[in-house]
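Notes to accompany the following structure.
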Amino acid sequence: MTNLFEPFALGPLTLPNRLVIAPMTRNRATEGGVPTELVAEYYAQRASAGLIIAEAATPSAVGQTYPNITALHTDAHQEGWRRVVRAVHGRMFLQLQHGGRVGHPDTSGRTPVAPSPVPLPEPVHTPTGRQAAVTPRELTGDEVRATIADFARAARRAVDAGFAGVEVHGANGYLLHQFLAENTNHRTDSYGGSPENRARFAAEVVAAVVAEIGADRTGLRISPGNTVNGIAEGDPLVVYPPLLDAVAHHGLAYLHVAFADPGSQAYKEIRTRWTGTLIANPVLPVDRVPDDGGRAAAERLLAAGADLIALGRPFLANPDLVERLRAGAPVNQVRERYLMYVGGPTGYTDYPTLAG
Ligand SMILES: Cc1cc2nc3c(=O)[nH]c(=O)nc-3n(C[C@H](O)[C@H](O)[C@H](O)COP(=O)(O)O)c2cc1C
């Protein structure tokens, strides 16, 4: 059976092991979205991962979700990311995320935009704390096309900054997922209605990124069945097959499935349908990192046909997770959860390694 510590060829990259850092927003950028030296230090500490998928970066000002997240639509953003990539190594993708309705004028200075004017049914983080979400403005057809172009431009900037590629964020209730889901997409144009139409925006973003930087530098993340951020997409076996069919011909670097349950129908259908590289992110307990660091869950997914395994919190709390898993060594727990999303080194770059 495939082993977590075997190398894997991902396009032109040779990954030394099958362990991938899942993208994790950590809100340590400047107010303007520029990643800092601290961000570079955080990723450099975790460079033994087979692949790093760096946190969501927004491709446009209006796509900003939360305070102090990273962005990639100015030269300053690009330069900040260049410093991060230089501190790490070449095995690093960057996730591109537009928040859609998950945003607030107090954060981005703009009214959020979305497929339809359906507000997030829960408060949203802003610089002054959690506030009721505002009703987003419906994107016009021209704005949909401009948003797709923003993703392509950000992808170009990512490659110019030294990333091996980008991951298009189609998961977790942000803009692409809002187009996919029935409850957030009430459009009557070619981007709404049938499952094929709801999948169109995500497919066109992927196609535009591929045209800009190439398929072997482009990944796509999805989270079928995930209801986070008020998403009700209906039966995942309805909208994801047309999406995968629409992007399959590119020969993407990978498809990344978040919260992948190897026993679920959705996972089995995706693994059968997707003949390319599959990164799977297992479902771990919400309150703690398992004592084995997620190894058993990772191995179950490898046995169920995943090629690479993405872990989030285990890597957050363990910069040397690969070594710990290999040695069967104890793992650190995530300390104070609120430190996940606030600035500074505490709970970010101060997790100990086995060496101390
Ligand atoms: C602090 C934190 C930030 C996250 N930020 C992102 C993100 O930017 N993009 C994304 O797709 N998922 C994000 N996620 C979800 C993770 O990528 C992952 O799917 C989730 O944590 C489950 O994996 P785990 O149990 O190994 O942590 C985040 C999770 C955490 C804990």
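Kindly indicate which of V168, V124, V102 is closer than 26 Å to A76 by Cβ, more than 17 Å from the chain's Cα centre (by Cα) and within 16 Å of the ligand (Cβ to nearest atom).
Numbers: V168 fails: more than 17 Å from the chain's Cα centre (by Cα); V102 fails: more than 17 Å from the chain's Cα centre (by Cα).
That would be V124, the only listed residue that is closer than 26 Å to A76 by Cβ, more than 17 Å from the chain's Cα centre (by Cα) and within 16 Å of the ligand (Cβ to nearest atom).
Among the criteria (1) of a type in the set (A, V, I, L, M, F, W, C); (2) in contact with a Phe, Trp or Tyr (Cβ under 6 Å, 6 or more places away or on another chain); (3) crowded, with 20+ Cβ neighbours inside 10 Å, the one L316 does not fulfil is (2).
Being at positive phi and surrounded by fewer than 16 Cβ atoms within 10 Å (Cβ to Cβ) holds for only one residue in G141, G100, G90, G129, and it is G129.
Filtering L51, L72, L38 for residues that are modelled with pLDDT of 95 or more and surrounded by fewer than 19 Cβ atoms within 10 Å (Cβ to Cβ) leaves a single hit, L38.
Report, by residue number, each residue of the range 206-230 that is in contact with a helix residue (DSSP H, G or I) (Cβ under 6 Å, 6 or more places away or on another chain) and part of a loop (DSSP other than H, G, I, E, B). Spell out the reasoning first.
Within the range 206-230, the subset in contact with a helix residue (DSSP H, G or I) (Cβ under 6 Å, 6 or more places away or on another chain) is 206, 208-209, 212-213, 218, 220, 224-225.
Result: P224, G225.
Among the residues of the range 100-112, is there at least one that is in contact with a Phe, Trp or Tyr (Cβ under 7 Å, 6 or more places away or on another chain), part of a loop (DSSP other than H, G, I, E, B), of a type outside the set (S, T, Y) and under 30 Å from L13 (Cβ atoms)? No; the residues of the range 100-112 include none that is in contact with a Phe, Trp or Tyr (Cβ under 7 Å, 6 or more places away or on another chain), part of a loop (DSSP other than H, G, I, E, B), of a type outside the set (S, T, Y) and under 30 Å from L13 (Cβ atoms).
The residues of the range 1-52 that are free of Cβ contacts under 8 Å to residues at least 12 places away in the same chain and aliphatic (A, V, I, L, M) amount to a single one, A9. Among the residues making up the range 211-237, none is away from the ligand (no atom under 16 Å from the Cβ), among the β-branched types (V, I, T) and closer than 10 Å to L180 by Cβ.
The values are calculated or read from the model by the stated rules, or taken from the named source; none is laboratory data. Quick caveat: nothing in here was measured; it's all calculated off a predicted structure. Positions of Cβ are backbone-derived with ideal geometry, glycine not excepted, and every protein chain shown enters the neighbour counts.
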